[in-house]
Amino acid sequence: MGDDSNIDAISRNGDRYSIKATTGKVTGVFYGLYSPNSTELNQQKFEYVILVILDKNLSLEYIIELTWNEFLKYKRWHSRMQAWNLPINKDILENTKCIYRHEQN
């Protein structure tokens, strides 16, 4: 079986999900992918990433879903960790699937 270190859940139809929760401006890292200097192509590790974004009081602000291709588009190299992460920015929040957004009163 392949590397499943990024898999946190599997749907009934077999879709693999990587789930990251954060209170900051970046997610935790995704291991098992080639570095930016590599000429190797990454094999698909999951179908979706679920981002659970919490505010400083740990209240839920967003739940965002990214496809594998969206993950590849937005991923950023974390040189100290030698792995990839995702920034939490306006581009991702506005151009990916929002499952939940906390509405301000």
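The values are calculated or read from the model by the stated rules, or taken from the named source; none is laboratory data. This structure is a prediction, so every number in the text was calculated from the model and none was measured. Don't worry about glycine lacking a Cβ; one is built from the backbone with ideal geometry, like all the others, and counts go over all protein chains shown.
Somewhere in the range 30-53, is a residue at pLDDT below 95, of a type in the set (Phe, Trp, Tyr) and either exposed (fewer than 15 other Cβ atoms within 10 Å of the Cβ) or over 16 Å from Ser5 (Cβ atoms) (or both)? Within the range 30-53, one or more residues are at pLDDT below 95, of a type in the set (Phe, Trp, Tyr) and either exposed (fewer than 15 other Cβ atoms within 10 Å of the Cβ) or over 16 Å from Ser5 (Cβ atoms) (or both).
Taking first residues from the range 51-65 that are in a strand (DSSP E or B) and partners that are among the aromatic types (Phe, Trp, Tyr), the Cβ contacts under 8 Å between residues at least 6 apart in sequence or on separate chains come to Leu51/Tyr62; Val52/Tyr62; Ile53/Tyr62; Leu60/Tyr100; Tyr62/Tyr100; Ile63/Tyr100; Glu65/Tyr48. Mind checking whether some residue in the range 78-89 is basic (Lys, Arg) and without any contact (Cβ under 8 Å) to a residue 40 or more places away in the chain? So far as the range 78-89 goes, yes, one or more of its residues are basic (Lys, Arg) and without any contact (Cβ under 8 Å) to a residue 40 or more places away in the chain.
Identify all residues within the range 77-86 that are more than 15 Å from Ile19 (Cβ to Cβ) and surrounded by 13 or more Cβ atoms within 10 Å (Cβ to Cβ); write none if there are none. I'd like the intermediate steps shown before the answer.
Start the filter on the range 77-86 by keeping residues that are more than 15 Å from Ile19 (Cβ to Cβ), which leaves 77-84.
Trp77, His78, Ala83, Trp84 - these are the residues of the range 77-86 that are more than 15 Å from Ile19 (Cβ to Cβ) and surrounded by 13 or more Cβ atoms within 10 Å (Cβ to Cβ).
Under the condition of being assigned to a strand (DSSP E or B) and free of Cβ contacts under 8 Å to residues at least 40 places away in the same chain, which residue from the range 19-50 is farthest from Asn69 (Cα to Cα)?
First, pick out the residues of the range 19-50 that are assigned to a strand (DSSP E or B): 19-22, 26, 30, 48-50.
Keeping just the survivors that are free of Cβ contacts under 8 Å to residues at least 40 places away in the same chain gives 19, 21, 48-49.
Values: Ile19: 16, Ala21: 20, Tyr48: 9, Val49: 10 Å.
Looking at residues that are assigned to a strand (DSSP E or B) and free of Cβ contacts under 8 Å to residues at least 40 places away in the same chain, I get Ala21.
Among the residues of the range 1-14, which ones are in a loop (DSSP other than H, G, I, E, B) and surrounded by 12 or more Cβ atoms within 10 Å (Cβ to Cβ)?
Residues of the range 1-14 that are in a loop (DSSP other than H, G, I, E, B), as a first pass: 1-8, 11-14.
Hits for the range 1-14 are Asp4, Asn6, Ile7, Asp8.
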